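The values are calculated or read from the model by the stated rules, or taken from the named source; none is laboratory data. Because the structure is a prediction, the values reported are computed rather than measured. Neighbour counts run over all protein chains shown; Cβ positions are idealised from the backbone, glycine included. SASA here: full protein model, heavy atoms, side chains in, ligands and nucleic acids out. Shrake-Rupley method; radii C 1.70, N 1.55, O 1.52, S 1.80 Å.
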Amino acid sequence: MPTTAPPATRQSDLVRAARRESVTRTPVWFMRQAGRSLPEYRAVRKGIPMLESCMRPELVTEITLQPVRRHGVDAAIFFSDIVVPLKAIGVDLDIVPGVGPVVARPIRTRDDLDQLVPLTPEHVPFISEAVRLLVAELGETPLIGFAGAPFTLASYLVEGGPSKNHEKTKALMHGDPELWDALCARLAQIAGEFLRVQAEAGASAVQLFDSWAGALSRADYAARAMPHSAVALGAVADLDVPRIHFGVGTGELLTLMGEAGADVVGVDYRVSLTDAVDRLGPTYAVQGNLDPALLFAPWDALERRVREIVEEGRRAPGHIFNLGHGVLPDVDPDVLTRVTALVHECSSRR
Ligand code: CP3
């Protein structure tokens with residue numbers, strides 16, 4: 001298998017856990033570990049819009065490294081956003097602070113699909129450059145590349161912005177399944193190529209974020225979302241990078257998310273790791289699953305929960321400690337540092 005990741009990261013606890021190999025201690029990182037919880041992030045972002053930040057390789061490198069330096073986590077997550085590849089191919093969208101991605105011309109008809117041309121590496125030279133800069137700085141610490149899954153991307157494009165009920169998305173999925181599948185096929189190419197660009201530039205693992213997949217029934221997920229996610233994950237199947245597949249509220253979908261082509265299945269806090277492992281069996285490693293809100297609880301309560309999760313994770317064929325969803329902006333970053341140290345200490349196999 002061709003490999004482009006730095007060889008030193010192949011023996012990291014993160015990559016070994018994802019491969020269901022033995023580890024020295026449970027690896028830990030946090031979704032949204034870079035970002036507003038860190039004063040050093042707020043300082044370097046001052047006056048620079050989110051999407052512009054994502055297109056400046058030196059700034060991306062600095063922001064990605066900040067939580068690694070501060071918390072001592074076992075992986076860096078590439079600083080970008082799921083809508084960056086859409087912006088790169090010319091979709092008129094912006095990330096509005098406190099809101100999220102907002103799309104100027106939502107996609108609802110066949111003609112609207114013209115906005116979505118195939119992504120090529122030439123659309124995102126700033127991504128390859130930032131990954132190369134980062135990999136040079138990170139040494140033995142793996143970099144995780146990522147993309148948004150077709151369903152979650154489609155939800156933003158069809159609704160025109162963040163949505164609680166995904167009503168226009170579901171209306172399209174059920175009202176015009178051919179158009180839905182054509183939309184998701186384009187998004188699967190874009191997501192897959194975005195993962196591939198990062199892996200080829202040196203990312204050691206990739207994560208597909210299907211944040212809103214939990215809004216779907218198992219049957220609808222199986223028929224109308226999973227096949228497209230499988231195409232996206234398949235785009236890096238020939239590269240030696242483990243694939244993490246994450247969603248929120250996806251307890252009923254865990255096995256399908258594994259079958260879509262994952263090595264590691266993300267578990268949110270609504271399902272215990274014990275139940276997740278029972279459902280998934282020995283084929284997949286798991287990632288999760290501390291409730292991000294518990295980072296605001298008194299240390300005693302938080303410590304108890306972290307220890308429980310590490311214990312539950314021992315039953316999994318591989319466990320990467322993480323939150324059930326992203327770090328909330330108001331969290332005290334010192335708590336994240338403390339949780340990282342606690343996971344390392346209570347899981348040490350040496
Ligand atoms: O540290 C990391 O995890 C890496 C960076 C990262 C960002 N977005 C940076 C970001 C990652 C992995 C994402 C993925 C992403 N973006 C997802 C999937 C993960 C998830 O949280 O479910 C989704 C749904 C998006 C879309 C999006 N982008 C939202 C909902 C928001 C929040 C809007 C807000 O202001 O509350 C964004 C903006 C965004 N992406 C920020 C960051 C750090 C905040 C922008 C800022 O700091 O000004």
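When each of V83, V135 is tested for being under 20 Å from the mean Cα position of the chain (by Cα) and under 27 Å from G175 (Cα atoms), the lone residue that passes is V83. Comparison of S37, S53 shows that the only residue that is touching a residue at least 40 places away in the same chain (Cβ under 8 Å), open to solvent by less than 20 Å² (accessible area, probe 1.4 Å) and among the small types (G, A, S) is S37.
Taken over the stretch 250-285, residues that are of a type outside the set (S, T, Y) and either assigned to a loop (DSSP other than H, G, I, E, B) or open to solvent by 20 Å² or more (accessible area, probe 1.4 Å) (or both) amount to 15.
When D220, D263, D210, D268 are checked against the criterion of being under 30 Å from A136 (Cβ atoms) and of a type in the set (D, E, K, R), a single residue qualifies: D263.
Number of residues in the stretch 67-108 that are closer than 16 Å to S155 by Cα, touching a strand residue (DSSP E or B) at 6+ places or on another chain (Cβ under 8 Å) and not charged (D, E, K, R): the value is 11.
Every condition in (1) more than 26 Å from G266 (Cβ to Cβ); (2) touching a residue at least 12 places away in the same chain (Cβ under 8 Å) is met by P125 except one, and the failing one is (2). Restricting the stretch 229-249 to residues that are closer than 26 Å to E311 by Cβ and in a loop (DSSP other than H, G, I, E, B), the residue that is nearest to the ligand (Cβ to nearest atom) is V248. Pairs meeting the criteria (first residue in the stretch 197-213 and modelled with pLDDT under 95 and assigned to a helix (DSSP H, G or I), second residue within 12 Å of the ligand (Cβ to nearest atom) and not aromatic (F, W, Y), beta carbons under 7 Å, at least 6 apart or on different chains) are lacking. Look at the stretch 67-98 and say how many of its residues are in a loop (DSSP other than H, G, I, E, B), under 30 Å from D334 (Cα atoms) and either more than 6 Å from the ligand (Cβ to nearest atom) or open to solvent by less than 60 Å² (accessible area, probe 1.4 Å) (or both). Adding up the residues that qualify gives 10. Against the test of being assigned to a loop (DSSP other than H, G, I, E, B), away from the ligand (no atom under 16 Å from the Cβ) and modelled with pLDDT of 95 or more, the options A316, A301 yield a single qualifying residue, A316. Scanning the stretch 42-54 for residues that are assigned to a helix (DSSP H, G or I) and either modelled with pLDDT under 95 or of a type in the set (D, E, K, R) (or both), we see that the one that is nearest to the ligand (Cβ to nearest atom) is R45.
Rundown of residues vs (1) modelled with pLDDT of 95 or more; (2) under 21 Å from A285 (Cα atoms); (3) within 13 Å of the ligand (Cβ to nearest atom), yes/no style:
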| site | (1), (2), (3) |
| --- | --- |
| L14 | yes, yes, no |
| E21 | yes, yes, no |
| V28 | yes, yes, no |
| E40 | yes, no, yes |
| R56 | yes, no, no |
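Residues in the stretch 115-164 that are part of a helix (DSSP H, G or I), hydrophobic (A, V, I, L, M, F, W, C) and open to solvent by less than 10 Å² (accessible area, probe 1.4 Å): I127, A130, V131, L134, F151, L153, A154, L157, V158. When L295 is tested against (1) open to solvent by 40 Å² or more (accessible area, probe 1.4 Å); (2) in a helix (DSSP H, G or I); (3) within 16 Å of the ligand (Cβ to nearest atom); (4) closer than 19 Å to T26 by Cβ, exactly one condition is not met: (1).
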